[in-house]
1. I need the full set of residues from region B:240-268 which are among the hydrophobic types (A, V, I, L, M, F, W, C), assigned to a loop (DSSP other than H, G, I, E, B) and either touching a helix residue (DSSP H, G or I) at 6+ places or on another chain (Cβ under 6 Å) or more than 14 Å from every other protein chain (Cβ to nearest Cβ) (or both), in order please.
2. Looking at residue A:103 and the list (1) assigned to a strand (DSSP E or B); (2) within 11 Å of chain B (Cβ to nearest Cβ); (3) open to solvent by 20 Å² or more (accessible area, probe 1.4 Å); (4) of a type in the set (Val, Ile, Thr), which single condition is not satisfied?
3. Scan region C:145-173 and report the pairs whose first residue is closer than 13 Å to residue C:52 by Cβ and part of a helix (DSSP H, G or I) and whose second residue is open to solvent by 30 Å² or more (accessible area, probe 1.4 Å) and among the basic types (Lys, Arg), with Cβ atoms within less than 7 Å and a gap of 6+ or a chain change.
4. What is the one condition in (1) open to solvent by 30 Å² or more (accessible area, probe 1.4 Å); (2) within 8 Å of chain C (Cβ to nearest Cβ) that residue A:240 does not satisfy?
5. Which condition breaks for residue B:604 when tested against (1) in a loop (DSSP other than H, G, I, E, B); (2) over 19 Å from residue B:81 (Cα atoms); (3) touching a helix residue (DSSP H, G or I) at 6+ places or on another chain (Cβ under 7 Å)?
6. Tell me which residues, restricted to region A:222-235, are at the interface with chain C (Cβ under 7 Å from one of its Cβ atoms) and over 20 Å from residue A:78 (Cβ atoms).
7. Of the residues B:601, B:629, B:657, B:606, which is at pLDDT below 95 and within 14 Å of another protein chain (Cβ to nearest Cβ)?
8. Taking residue C:107, is it open to solvent by 20 Å² or more (accessible area, probe 1.4 Å), on the phi > 0 side of the Ramachandran plot and at pLDDT 95 or above?
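The values are calculated or read from the model by the stated rules, or taken from the named source; none is laboratory data. None of the values given here were measured: they were computed from a predicted structure. All Cβ positions, even for glycine, are placed from backbone atoms using ideal geometry, and neighbour counts span all protein chains on display. Each accessible area value is taken on the protein alone, full model and side chains, heavy atoms only, with ligands, DNA and RNA left out. Shrake-Rupley method; radii C 1.70, N 1.55, O 1.52, S 1.80 Å.
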Amino acid sequence: MIDQENQEVSNEEEFRKIEITVFRYNPQNSNTKPEYQTYTLEETPGMTLYIALIKIWSTMDHNISFDFVCRAGICGSCSMVVNGKPRLACKTRTSEFEDGKITLLPLPTFKHIKDLSVDTGNWMNAMSKKVESWIHAKEETDITAIEKPVEPDVAQAVFELDRCIECGICLAACSTKIMKEDFVGAVGLNRTARFAIDPHDERSDEDFYELIGDDNGVFGCMSLMGCEDHCPKDLPLQTKIAYMRRKMVKM
Amino acid sequence: MKIVYTDALIVGGGLAGLRSAIATREKGLDTIVISMVPVKRSHSAAAQGGMQASLGNAVMGEGDNEDVHFADTVKGSDWGCDQNVARMFVTTAPKAIRELAAWGVPWNRIGKGPREVIINGEKETIVEKDEAHGLINARDFGGTKKWRTCYTSDATGHTMLYAVANEALRRNVEIHDKKEAISIIHENGICGGVVARDLISGELIAYIAKGTMIATGGYGRIYKQSTNAIICKGVGVAIALETGIVQLGNMEAVQFHPTPIVPSGILLTEGCRGDGGVLRDKDGYRFMPDYEPEKKELASRDVVSRRMIEHIRKGKGVKSPYGDHLWLDISILGREHIEKNLHDVQDISKTFNGIDPADEGEKGWMPVLPMQHYSMGGIRVKPTGESTTMKGLFCSGEAACWDLHGFNRLGGNSVSEAVVAGMIVGEYFASYCKETHLTTNTFTIQKFLEVQKAYLQEILSYDGGKNIFDIKDRMRIIMQEKVGVFRNGKDLSDAVDELEDLLKMVKEITVTDKALCINPELNEAYRVTKMLKLALCVSKGALERTESRGAHFREDYTKRDDENWLNRTITTWTDPNDTMPTLSYEEIDISKMEMPPAFRGYGKKGAIMSNPLSEIREEEITKIKETLGKVDRFTTQEALLDFDLPKEYKRKNERMGVGYD
Amino acid sequence: MPQQDSTVELLTGKDSVGKKSKIPARLDLLQSATGLILSFFIIFHIVFESSILFGKAAMYRLTKIFEGEPFIEGGEPLIISALAFGIFVIFIFHALLAMRKFPSSYKEYQRYRTQSKMLKHSDTNLWFIQITTGFVMMFLGSIHLYTMMTQPENIGPYASSDRIYSDIAWPMYLILLISVVLHTGVGVYRLIIKWGWFDGSNPRANRIRSKKIIQAVVVVYLVLGLLSLGTYMKIGYDHQEEYGNRYSEVHK
């Protein structure tokens, strides 16, 4: 039988041992100090960090905290730092690491909750409000009438940018964000680009300037491309930030 | 004692909850949404394939309208649905999708002229009309007469959820995430709000509102293999059950999706088959046409899942360390199509299985097996979305048994239901909140808070040495093996007994960490207890229902029995000390149906024990139609089944070529 | 009145009609523009300076051309002074603009360094090179430019060599050379990305290509610069006995 979390396979093979080291800290409890804890476990075929962590939690340490929701790379909950790189844990296979040693840290720049768990929700909501992440239209739509036509290519282009899952990896990989707390990051700038190309949105460049025309917005970006190079959805962040920058300097 | 007051309280921040929150804000009500996770992480985001709405823009959807969508939905439900609700739904769905378009959901759009598609494994060219250029496109899905499923590649739920969540933020809906509702506060049969636990600090907070809505989704995680996100534990449904007053409906109606990938159980959208993908067995043979000559891979999900298991039982499955499976082949669609319209499917298959489905031939086939996917059952509500037995408690989306889906939901009708229910139920809910006053007194609030506080302390004081994780695993295995795609009396009765034992066993666990603040083991302890109660509702309901209807299939009662079982299973938990739910049944009235029970058009033929009332109603319908003479379809429809809907949503929908007709 | 407007901005963060200041846009553009001008300057500067590789005469002729000899009899070193002054102004301005991005406190520096060490991401590491070399140049570049402004006549095969060797300016020039080449290389690469100049139809492939080309150019310039510096050292060493004597074409 299939067991997704325990991945018990029917044949009796010998599997290698892997060592997973986890940053442990509970800010809620003043008696605890930050520390690293190492767990040794058997690596089953196709093991991802999701499977490994669930195994650690259910069989070795019931008190370890981390966040998974969809476990399919769709929801963006499980971002963490894996051997230095911010990634989605559910999409990271343990077999990738040849020496079998994996160190997991919570995502920096977000409020730490416990162990590998951080608060991304409140930050992302605030960001969405800051860049007014919604369609601005002057007229109300009659929802019984045939919808406004959109060029198929344009719809596809908007969709490309709408694929962002607010996982926070672009921020954890960004030198500006790490230094300047209020920087909206690639996630925010990509969002404005998404609405800027959406034909439903009637905002002018000047309107966008009011949202991102400062050092917490597009001018804070130093083009270090940490976002572009770590984005798990392969969003074209490099070109879209440049696109917004070109628009904004024309103001 | 921490109390938060608001006008409208919504538990669950997925599509249904957030769309409802927009409805209450539009009426100027203070609205709080509490959610276990950041709302944009809700399981709605994982819906891939699309949303059904009868726009009829695409050439393959031509002639589509509410009536066709209604008929598909009723057949899909195996006549288990509430036809009144189905009517409300199909009338509102086109409005929902147009509203979402205006909110920026980048629906795939039609390009005029010829394009190549795969139909029934063959390449065909279809020509889209000039006037359809730029309108919302649709793809084919199982159990539908027309191409009706609108989509944004295979990330439809994601784009919908983001649009709705952003609109909620725009309207200043207050979002409190990392909060979990663990009990419903009620007094004199009226709901006053919930007791919620802050999942970080552990603090118990009473959220008190004029009206409360549960929109917490399904309970798929009671199964070992499920496509559901790991938060889909049904806690929202369970706390309603625990009131002892609220009824759950059709809990045994559990959908198994034909094509989750093996072994991770991550879903591969029905869009794979809708776009022309086929199922193959160990010999590479496409077997579905043998079983379902007409709909083939695109029969309804319950039928395809059963046929797959049937085929595996004939020894045609592919052996693997994880058990037998079948193949899903989408390589025939071509790389370009896959990379554009099935991007996430490709990503999932590459990441989790190392298979690129765009690779031609066997190399690109993905291993699939039916697994739990959707909960048709849930909190039984009236067409307004209000609980049948508790005032002021509303429910929408997958958590509800509104009853749009009966015993089987059609693919593409889930996210569609979520937003449509968010609109309709949201509207009724908002009106209710507007008209009522807060009545719950603080003494009651305190009592409910104290009960929960004591309950959590009690869990921490258990000292039997058993492990909650073992109990959970056992429950999930029982559900998987004994309450699965094929069910029988003996297994079901074993399942019920063993689940009852497990529920009693919860008092024998030991929680290692005694902290009340963030403590994932404590969370698991109370959640698993609630899950066990739901598992019991599912198994007991399945055991008692001695017929096969939709997704509920009994090997010992293989026929659909309209004479005895055209009803809804109603489950309650009358006493907190009970270890077994109480079952009763709610008749479904054939004489009020617009479409009396008949053969679905797919699945096994001759497997129906008809109810004589069906024929009588059929004759009645013919007579009504004759009397009416030549009238438009709306007049006929109203004469057969008159349904209520908020005025704004009852308006007719415009369509290309036919206007508002 | 501008005075009033800035007061409004002080108090509300926006101007008197409730709009955001456009200054950040100008600053961002100016940072890039000044950087670009300085890059062009450096690209030519190092080539001209390496004229010494073609012999003292070549270098002397080139210097004279810059002193305007074709138009002014004997050349006018003040032209060099003026040029140096112009560059100095742009240089200061560029430094001022770029400083906005520097870590401005221990906390920022600590967070930035720890994260970049953890991340091991090449473009992020390149920025560390950029801020370090930028910081170095603020001093060394200023010294060099000041010398050029005040002693424009001391450019020439012997004059320059004496300065480098006998006046022991070579350690400064060595560091300055490496800094300026690296800083320019990284800076130009950054400009290409920042503004999307060569995105083409495949921006990702073109980014890699830009990076490779720039790496090659940086190596060429470093080699060129080091060879030139070596040559000046050699001339300076040979010329130490005649320190202070100027090169003249009559010598030939």
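1. Quick first cut of region B:240-268, residues among the hydrophobic types (A, V, I, L, M, F, W, C) only: B:240-241, B:245-246, B:248, B:251, B:253-254, B:256, B:261-262, B:266-268.
This time we only want the ones that are assigned to a loop (DSSP other than H, G, I, E, B), so: B:245-246, B:251, B:253, B:262, B:266, B:268.
Correct list: B:245, B:246, B:251, B:253, B:266, B:268.
2. It fails just one condition, (2).
3. C:157/C:56; C:158/C:246; C:159/C:246
4. (2)
5. (3)
6. Within region A:222-235, the subset at the interface with chain C (Cβ under 7 Å from one of its Cβ atoms) is A:222-226, A:229.
Scanning region A:222-235 gives A:222, A:223, A:224, A:225.
7. Details: B:601 fails: within 14 Å of another protein chain (Cβ to nearest Cβ); B:629 fails: within 14 Å of another protein chain (Cβ to nearest Cβ); B:606 fails: within 14 Å of another protein chain (Cβ to nearest Cβ).
One residue alone meets the criteria, B:657.
8. Numbers: open to solvent by 20 Å² or more (accessible area, probe 1.4 Å): yes; on the phi > 0 side of the Ramachandran plot: no; at pLDDT 95 or above: yes.
Here the answer is no, as residue C:107 does not meet what is asked.
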